[in-house]
Each structure stands twice: as structure tokens, then as C-alpha cells.
1. Is there any pair with a first residue in segment 16-27 that is in contact (Cβ under 8 Å) with a residue 60 or more places away in the chain and a second that is among the small types (Gly, Ala, Ser) and surrounded by fewer than 23 Cβ atoms within 10 Å (Cβ to Cβ) whose Cβ atoms are under 7 Å apart and which are 6 or more apart or on different chains, and what are they?
2. Does VAL166 satisfy the criteria of being of a type in the set (A, V, I, L, M), within 13 Å of the ligand (Cβ to nearest atom) and buried (at least 22 other Cβ atoms within 10 Å of the Cβ)?
3. Give segment 113-152 a look and list any residue that's closer than 24 Å to CYS233 by Cβ and surrounded by fewer than 16 Cβ atoms within 10 Å (Cβ to Cβ), or say none.
4. Here is a list: ALA222, ALA161. Which entry is assigned to a helix (DSSP H, G or I), farther than 27 Å from ARG28 by Cα and at pLDDT 95 or above?
5. Checking the condition surrounded by 17 or more Cβ atoms within 10 Å (Cβ to Cβ), over 14 Å from the mean Cα position of the chain (by Cα) and either under 18 Å from VAL122 (Cβ atoms) or not hydroxyl-bearing (Ser, Thr, Tyr) (or both), which residue from ALA219, ALA212, ALA232, ALA225 passes?
6. Out of everything in segment 189-204 that is within 6 Å of the ligand (Cβ to nearest atom) and either modelled with pLDDT of 95 or more or not small (Gly, Ala, Ser) (or both), what residue ends up being farthest from ILE150 (Cα to Cα)?
7. Quick one: which residue in GLY86, GLY59 is farther than 30 Å from GLU154 by Cα, without any contact (Cβ under 8 Å) to a residue 40 or more places away in the chain and surrounded by fewer than 22 Cβ atoms within 10 Å (Cβ to Cβ)?
8. Within the bounds of segment 134-146, is there any residue that is within 11 Å of the ligand (Cβ to nearest atom) and in a loop (DSSP other than H, G, I, E, B)?
Amino acid sequence: MSLVVSLQGKSALVTGAATGIGRATAQRLAQAGAHVVVNHLHQAEAAQALVDEIRAAGGQAVAIGADVSQAGEVQRLVDQALAATGGIDILVNNAGIIQEKAFLETTEADWDRLLGTDLKSVFLMCRAVLPGMVARGGGVIVNIASDLGILGRERYAPYCAAKAGVIGLTRSLAREFAPQHIRVNAIAPGPVATAMVSLEHMSAEWVEKELAIPQHRLADPAEIAGSVLFLACDLSAFYCGQVLGPNGGSVMP
Ligand SMILES: NC(=O)c1ccc[n+]([C@@H]2O[C@H](COP(=O)([O-])OP(=O)(O)OC[C@H]3O[C@@H](n4cnc5c(N)ncnc54)[C@H](O)[C@@H]3O)[C@@H](O)[C@H]2O)c1
């Protein structure tokens, strides 16, 4: 007998899903049967290629471009996603950017850009999607934070602050919406092999730093998508406000 994890009949919106962890997550959720909304920012071709791939494998998907750091764009995204799917059962806040800069050189514009994309977007997306989940009597939200939001890192202050903020936001929403049968959890991955963390483009010093974890390797994006699937399905029914750590051992709470 085999265990079947099914999201049949559910729909899922994944932000920043044209590449990396978001892409792997959209694939995994679609494989499990969800109708997936692939959000992207100016990557229509890559997003459509993913949609075509999912459809060719017998799944359901649609691509919608939107900048999730902008309230108006978020509302349009959610309205279009609702029109395409009939309701959003699973929201994965994955979109993000990173920047390396000495703290004393970090400008107000750097701070606003990082926090806007990595933290405010989660607020905006949750605010736009939660009323529908409440009306439907339940839902799941998975926020992609980072182990750096727990550990901190020199030269990455705005990113680390944003990701720590995602964890605080996750726990607050988990408490506020648990009575409405909405589960809100986060994932704080360690280093993952994506465009964001590409060892080929890093100095030897940073490569050493990235690999200075017990497993001494980067994760494949699919390994993070597995954690998203777990949090999205009923196997995690008793998880509320938790932070999962697929991190190769970088953080051991
Ligand atoms: N790669 C890692 O080591 C790592 C580790 C921990 C956490 N994360 C987090 O995982 C998430 C995914 O990152 P990734 O590693 O797959 O990198 P990635 O660069 O491949 O993916 C980020 C995606 O977000 C999209 N995006 C950026 N700004 C956006 C906006 N305003 N609106 C909509 N989409 C936007 C990008 O276009 C891109 O497709 C991010 O939140 C990142 O902080 C990554």
C-alpha cells in the first residue's frame, strides 16, 4: 500500500514561481493535484513554459504577472487568480530578493526595496487572500522565510530583518486565524541552489560560508518544495505558526 498525498480539488497561488524554489513548489503542488497559479514578475515566458509543462503532465495551471510588493498589483493578482480557479485554498508567499551590502552603505531606498519585496508583500498577499479563506471556512498559508532570519548575517541586514519579520507575521496570523481553520506556517530554508545563491558567482570566502553547515551542500529547490507540500496538505493538520527548517543543519533550535 502506498501513501497518496492529494491536493485534488484545491487551488494554490505561488508568488515568484517562474524560477527556483517557487518553480519547484508550483510543480510539486500541481503533481499533488492542485490547480496552481504561477505568479511571476516580468518573466512571462518562463512562467508560461512552467504552465505548459504542468498541463502537459496532466495538471492545471495558469500564469499571472504581478509585482507583489505593490498593493494594487496584489489585488489584481488575487482577483484574477480567483476568477481562474474559483477560490484560493493554499497561498505560498515565496517571492523574494536579496542584496549584499555593508550596513553603513545601506540606503533608505535599499531598505524599502528589500522590506517591500520580502516582508510587505507577505502582508499584502495575506490581507488580500485571507477574506476569501475565511468565507470558505479554511485555508493554508506557507511563508518562505530563511535561516538567515534566525541567524542574521553580516552585510545582509535588510534581508535578515525582513525574513525575521516574516516569521513574526506568520506566528501572529497563525494565532489570529487558527479559529477560522486557517493554518499559517513558515519555512526557513538553508542555502538552496537557485539564481539567488549561485556558487559560481560567489567569492571563495562566501562559498566557504555558504557550505559551512553540517551537510556541507546546497539544497535542491525540490527539497524545499517537499516541505511546502507537507505544510499544504493534511499531514500537517496540527502545525500552527511553526517554522520548518530544511537547512542541512544550519539551525538546530
Ligand atoms: N536560495 C536560497 O538559498 C534561499 C534560502 C532561504 C530562503 N530563500 C527564499 O526563497 C524564496 C525564493 O528564492 P529563490 O532562491 O528561489 O530565488 P529566485 O531568485 O530564483 O526566486 C525569487 C523569485 O521571486 C520573484 N520576485 C522577486 N520580486 C518579486 C515581486 N516584487 N513580485 C513578484 N515576484 C517577485 C523573482 O522574479 C524570482 O522568480 C525567496 O523568498 C528567498 O528569500 C532562498
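1. From segment 16-27, the pairs are THR19/ALA46; THR19/ALA195; GLY20/ALA195; ALA24/ALA222.
2. yes
3. Within segment 113-152, PRO131, VAL134, ALA135, ARG136, GLY137, GLY138 meet the criteria.
4. Matching residue, one of ALA222, ALA161: ALA161.
5. The unique qualifying residue is ALA219.
6. THR194
7. Selected residue: GLY59, the only one of GLY86, GLY59 that is farther than 30 Å from GLU154 by Cα, without any contact (Cβ under 8 Å) to a residue 40 or more places away in the chain and surrounded by fewer than 22 Cβ atoms within 10 Å (Cβ to Cβ).
8. Taking segment 134-146 and keeping what is within 11 Å of the ligand (Cβ to nearest atom), we get 143-146.
Still in the list and also in a loop (DSSP other than H, G, I, E, B): 145-146.
Taking every residue of segment 134-146 in turn, at least one turns out to be within 11 Å of the ligand (Cβ to nearest atom) and in a loop (DSSP other than H, G, I, E, B).
The values are calculated or read from the model by the stated rules, or taken from the named source; none is laboratory data. The shown structure was predicted, so the numbers you read here are calculated from the model rather than taken from an experiment. Because the Cβ atoms are built from the backbone with ideal geometry, glycine has one as well, and the counts that use them run over all protein chains shown.
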